[in-house]
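The values are calculated or read from the model by the stated rules, or taken from the named source; none is laboratory data. Since this is a predicted model, take the numbers as computed values, not measurements. Note that we place each Cβ from the backbone using ideal geometry, even for glycine, and neighbour counts take in every protein chain shown.
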Amino acid sequence: MAIVVTRQPGPPRKRHCSKREPTPHDRLVARAARWLRGTARCSIVITELVAVTDTGEIPDAIGWSQGCSILVECKASRADFLRDRHKPFRLRPESGMGLWRFILCPPEVVRVDDLDPGWGLLYAMPRIVRSVHGVPRGNIWGRPPFQGRTHYHSEIRLLCSALRRSGAA
C-alpha cells in the first residue's frame with residue numbers, strides 16, 4: 001500500500017476560470033512523485049507539504065524506501081536552481097532533509113559539475129526521467145551520500161503533519 005500526500009489547496013481564489021493551468025514546476029513535481037513511487041520504490045511519497053520544521057524546508061517531493069529518505073528538488077529554470085543554493089539547509093547539508101538528494105530538471109538546466117557534493121541529478125525527458133548522476137544501480141539503495149548528515153527531526157515532523165492531515169493519526 002502506498003501513501004501519497006500532496007499539498008493541501010488553499011482557500012478558493014476568486015478567478016474567472018475554475019482551474020489554474022499547471023506550471024512547469026508543478027509538472028516536474030508530479031514527475032518526481034511518480035519517479036519516487038516507481039523507480040525508487042517509495043511506499044510513502046509527500047509533495048510540497050508545508051509543515052512546521054526546524055529548518056523551514058519544504059521539499060518538492062520526498063519519499064521513503066528501504067528505511068531511507070529520498071528528496072527530489074525540482075528546478076524548472078537555471079535561475080531557480082541558483083537561487084535555491086543560498087538557502088540555509090543547502091549551505092549546511094546536515095540541516096537538510098533526505099539521506100539521498102536529487103535535482104530533477106529539464107535537460108541541461110543543471111549539469112553534473114553544478115551539483116553540490118552528494119547530490120544526484122535527474123533529467124525530465126519527454127517520456128521518462130533519466131538518471132544522470134548519483135542513482136544507485138539496481139533496486140538496492142545502499143549507503144546514502146548524506147548518511148548521518150540529515151535533519152531527521154524535520155523529516156519526522158513532516159511525516160507527522162502528513163499523517164494528521166490524512167486522518168490516519
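The conditions are (1) assigned to a loop (DSSP other than H, G, I, E, B); (2) modelled with pLDDT under 80, and LEU159 fails exactly one of them. Which is it?
With (1) assigned to a loop (DSSP other than H, G, I, E, B); (2) modelled with pLDDT under 80 applied to LEU159, the lone miss is (1).
Report, by residue number, each residue of the range 98-113 that is under 14 Å from the mean Cα position of the chain (by Cα) and either assigned to a loop (DSSP other than H, G, I, E, B) or under 17 Å from PHE81 (Cβ atoms) (or both).
GLY98, LEU99, ARG101, PHE102, ILE103, LEU104, CYS105
Count, please, the residues in the range 107-133 that happen to be surrounded by fewer than 18 Cβ atoms within 10 Å (Cβ to Cβ) and not polar (S, T, N, Q).
15
Across the range 85-134, what is the number of residues that are among the β-branched types (Val, Ile, Thr), in contact with a strand residue (DSSP E or B) (Cβ under 6 Å, 6 or more places away or on another chain) and either under 13 Å from GLU73 (Cβ atoms) or without any contact (Cβ under 8 Å) to a residue 40 or more places away in the chain (or both)?
Residues meeting the conditions: 4.
Do you know which residues across the range 77-90 are under 19 Å from TYR152 (Cβ atoms) and not charged (D, E, K, R)?
Once the filter is applied, which keeps residues that are under 19 Å from TYR152 (Cβ atoms) and not charged (D, E, K, R), the range 77-90 yields PRO88, PHE89.
Could you count how many residues in the range 114-136 are assigned to a loop (DSSP other than H, G, I, E, B) and under 18 Å from GLY96 (Cβ atoms)?
Of the residues in the range 114-136, 5 are assigned to a loop (DSSP other than H, G, I, E, B) and under 18 Å from GLY96 (Cβ atoms).
Can you tell me how many residues within the range 109-135 are touching a Lys or Arg at 6+ places or on another chain (Cβ under 9 Å) and at pLDDT below 90?
3
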